[in-house]
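S.K.: Pasting a structure here, questions to come.
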2 protein chains.
Amino acid sequence: MPIKNTGTEQLIKDTAKRLIFTEGKLHATTQEIADAAGVNRTALHYYYRSRDLLIAAIFQDAMQDLSQRLNECMTAPESFKTKTENIIALFLRHMIAFPYQETFLVTEINTLGTKLIDNIQSNPVKSYLKEAAEEMEKGTIEKMNPAHFLMNLFSLLSYPLIMAPLYKKLFRLSGKDFKALIDERAKIIIRLLFKSQ
Amino acid sequence: MPIKNTGTEQLIKDTAKRLIFTEGKLHATTQEIADAAGVNRTALHYYYRSRDLLIAAIFQDAMQDLSQRLNECMTAPESFKTKTENIIALFLRHMIAFPYQETFLVTEINTLGTKLIDNIQSNPVKSYLKEAAEEMEKGTIEKMNPAHFLMNLFSLLSYPLIMAPLYKKLFRLSGKDFKALIDERAKIIIRLLFKSQ
DNA sequence: TTTTTGTTAGACAAAAATGTTAAGATAAAA
DNA sequence: TTTTATCTTAACATTTTTGTCTAACAAAAA
């Protein structure tokens, strides 16, 4: 780590994340990133040496961030429903800020190979799936393979935000109206996933 | 259209679609496309003149295909539930074959601008939404903004297939096991969207 | 004050990707 | 058989993107 930290290294990475994760420009060039960050392109090489290394750093961060969010959410010491409500709140907030983070991860894996994620942590997910299975026994949620429950949850949270540009056109909605729609989703999702009473 | 049609023009486009829509290689180069198609890169230029034009053709096809599927599905003369079951079957089949088609559309829009889709047809969707609202009155599905119903439907259909590389790792599933999981989803989705009896 | 650190600017080199051209092979059509 | 449309090969030009180097400068640290 540098002795005199002016935040430029972080700024570059954060800007790249904004372009890629938030604005969905999955193939931003080094020039575009540097311009958006308001730094010279040389600074990007100064800190990250190459585009690939910057992208690798961003990929690592994204995986780490995803892992950590799953970890924290899924192993929290709360009731299953409360926990699920928290997952929804947290992931919705995240998807609003960084809708293309998961898309980025997947397309990187598709081009660079699946070995990128051999070390993914699946234990917290497993424990959540187990709890879901118990809830199914209790009858608070529909019986199904718990993996489906989790996929349903994440689908309902994520997909509308990824497809926002299409949905806005399809529904003829302004950005504001679409946002209002998204704000309603937490409740909708809970109502859908949990039996009515 | 060429007088002597040997299918190479189509082959090139189909191959590019395979790479982009199926394999999720969203920034395939002309060389990669030509190689995958087993033709010389010049053939690509011979037929499409430039990469951008090939991509534009693919984009148009994808929009057209999406529009047409929506159109056919949503205006079919069947009961709402049957119609929805058909939508699920059709879109699931499509997502299995071309999981990244919508992702491609959205990332293209994100980089080239929203004007690409100003002419999108939203009438069939509107009529489906109206039917959904009627079903809500009847009580066969939960009451909500019909737009949510549609977003729920497409989310549940699409997201798991887009995120397959991640989910396989997260659930530690082989390709075969994951496929089996996906095959169960049509029923799961119907059960989730429609009230139990 | 001198040195170090962070950073910029500019020029340039190298690589990658895209696009062009000309010549020729092939096979089907005329 | 000649012609023509299709497609390849190979060479090359252009553009885009990436990466490197050097000199310089400002601000903080020593």
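S.K.: Go through (1) buried (at least 19 other Cβ atoms within 10 Å of the Cβ); (2) more than 11 Å from DNA strand C (Cβ to nearest atom); (3) not acidic (Asp, Glu) one by one and return the number of the condition B:Arg69 breaks.
M.R.: (1)
S.K.: Are any residues in region B:104-114 closer than 17 Å to B:Ser67 by Cβ and facing chain A (nearest Cβ under 9 Å), and if so, which ones?
M.R.: Those that are closer than 17 Å to B:Ser67 by Cβ and facing chain A (nearest Cβ under 9 Å): B:Leu105, B:Val106, B:Ile109, B:Thr114.
S.K.: Could you tell me which numbered condition A:Lys176 fails, if it satisfies all but one of (1) under 30 Å from B:Glu32 (Cβ atoms); (2) more than 10 Å from chain B (Cβ to nearest Cβ)?
M.R.: All conditions are met except number (1).
S.K.: Picking from B:Ile87, B:Ile20, which residue would you name as being assigned by TED's automatic domain parsing to the domain that holds B:Lys115 and either within 16 Å of DNA strand C (Cβ to nearest atom) or β-branched (Val, Ile, Thr) (or both)?
M.R.: B:Ile87
S.K.: For B:Ile58, only one of the following conditions fails: (1) outside any loop (DSSP other than H, G, I, E, B); (2) outside the structural domain of B:Met151 (by TED's automatic domain parsing); (3) more than 20 Å from A:Gly24 (Cβ to Cβ). What is its number?
M.R.: (3) is the only condition that B:Ile58 fails.
S.K.: Further question on the same structure: Residue by residue through region B:161-173, note down the ones that are closer than 23 Å to A:Asn119 by Cβ, more than 7 Å from chain A (Cβ to nearest Cβ), aliphatic (A, V, I, L, M) and in a helix (DSSP H, G or I).
M.R.: Answer for region B:161-173, where residues must be closer than 23 Å to A:Asn119 by Cβ, more than 7 Å from chain A (Cβ to nearest Cβ), aliphatic (A, V, I, L, M) and in a helix (DSSP H, G or I): just B:Ala164.
S.K.: If you scan region B:136-155, which residues turn out to be touching a residue at least 24 places away in the same chain (Cβ under 8 Å) and more than 8 Å from every other protein chain (Cβ to nearest Cβ)?
M.R.: Passing the criteria: B:Gly139, B:Thr140, B:Ile141, B:Phe149, B:Leu150, B:Leu153.
S.K.: Only one residue in B:Ile182, B:Ile117 is surrounded by fewer than 21 Cβ atoms within 10 Å (Cβ to Cβ), touching a residue at least 40 places away in the same chain (Cβ under 8 Å) and at the interface with chain A (Cβ under 8 Å from one of its Cβ atoms). Which one?
M.R.: On the way: B:Ile182 fails: at the interface with chain A (Cβ under 8 Å from one of its Cβ atoms).
Just one listed residue meets the conditions, B:Ile117.
S.K.: Let me ask something else. Among the listed residues B:Ser158, B:Ser196, which satisfies the condition of being touching a residue at least 40 places away in the same chain (Cβ under 8 Å) and either at the interface with another protein chain (Cβ under 7 Å from one of its Cβ atoms) or not in a helix (DSSP H, G or I) (or both)?
M.R.: Being touching a residue at least 40 places away in the same chain (Cβ under 8 Å) and either at the interface with another protein chain (Cβ under 7 Å from one of its Cβ atoms) or not in a helix (DSSP H, G or I) (or both) holds for just one of B:Ser158, B:Ser196, which is B:Ser158.
S.K.: Answer yes or no: is there a residue in region B:93-116 that is of a type outside the set (Gly, Ala, Ser) and within 12 Å of DNA strand C (Cβ to nearest atom).
M.R.: no
S.K.: Among the residues of region B:36-50, which ones are assigned to a helix (DSSP H, G or I) and surrounded by 15 or more Cβ atoms within 10 Å (Cβ to Cβ)?
M.R.: Hits for region B:36-50 are B:Ala36, B:Ala37, B:Arg41, B:Ala43, B:Leu44, B:His45, B:Tyr47, B:Tyr48.
S.K.: Please specify each residue of region B:75-127 satisfying the condition of being closer than 20 Å to B:Leu19 by Cα and aliphatic (A, V, I, L, M).
M.R.: Residues satisfying the conditions are B:Leu92, B:Met95, B:Ile96, B:Ala97, B:Leu105, B:Val106, B:Ile109.
S.K.: Give region A:90-122 a look and list any residue that's part of a helix (DSSP H, G or I) and either among the charged types (D, E, K, R) or in the same structural domain as A:Lys25 (by TED's automatic domain parsing) (or both), or say none.
M.R.: Hits for region A:90-122 are A:Arg93, A:Glu102, A:Glu108, A:Lys115.
S.K.: Going by the conditions given, is A:Met151 at pLDDT 95 or above, within 21 Å of B:Ile141 (Cβ to Cβ) and not in a helix (DSSP H, G or I)?
M.R.: no
S.K.: Going residue by residue through region B:28-48, is there one that turns out to be acidic (Asp, Glu), closer than 20 Å to B:Leu161 by Cα and more than 11 Å from DNA strand D (Cβ to nearest atom)? If you could, list the steps in order and put the result at the bottom.
M.R.: Within region B:28-48, the subset acidic (Asp, Glu) is B:32, B:35.
So of that shortlist, the ones also closer than 20 Å to B:Leu161 by Cα come out as none.
Among the residues of region B:28-48, not one is acidic (Asp, Glu), closer than 20 Å to B:Leu161 by Cα and more than 11 Å from DNA strand D (Cβ to nearest atom), which makes the answer no.
S.K.: Scan (1) within 16 Å of DNA strand D (Cβ to nearest atom); (2) touching a helix residue (DSSP H, G or I) at 6+ places or on another chain (Cβ under 7 Å) for the single condition A:Met74 breaks and write down its number.
M.R.: The number of the failed condition is (1).
S.K.: Exactly one condition in (1) closer than 24 Å to A:Pro165 by Cβ; (2) hydroxyl-bearing (Ser, Thr, Tyr); (3) out of contact with any helix residue (DSSP H, G or I) (no Cβ under 6 Å at 6 or more places or on another chain); (4) within 15 Å of DNA strand D (Cβ to nearest atom) is not met by A:Thr15; state its number.
M.R.: For A:Thr15, the failing item is (3).
S.K.: Sort out which residues of region B:72-88 are surrounded by 13 or more Cβ atoms within 10 Å (Cβ to Cβ) and in a helix (DSSP H, G or I), and write them in order of number.
M.R.: Narrowing region B:72-88 to residues surrounded by 13 or more Cβ atoms within 10 Å (Cβ to Cβ): B:72-76, B:80-81, B:83-88.
Passing the criteria: B:Glu72, B:Cys73, B:Met74, B:Phe80, B:Lys81, B:Lys83, B:Thr84, B:Glu85, B:Asn86, B:Ile87, B:Ile88.
S.K.: Criterion first (among the polar types (S, T, N, Q) and either at pLDDT below 90 or within 8 Å of DNA strand C (Cβ to nearest atom) (or both)) does A:Thr8 satisfy it? Show your work before the answer.
M.R.: Values: among the polar types (S, T, N, Q): yes; either at pLDDT below 90 or within 8 Å of DNA strand C (Cβ to nearest atom) (or both): yes.
Answer is yes for this residue.
S.K.: Moving to a separate point now. Output the residue which, of all residues in region B:23-38 that are more than 12 Å from DNA strand C (Cβ to nearest atom) and away from chain A (no Cβ under 14 Å), is farthest from B:Ile58 (Cα to Cα).
M.R.: Filtering first and then ranking leaves B:Gly38.
The values are calculated or read from the model by the stated rules, or taken from the named source; none is laboratory data. If you're wondering where the values come from, they're calculated on a predicted model, not measured in any experiment. We place every Cβ from the backbone using ideal geometry, glycine too, and count neighbours over all the protein chains shown.
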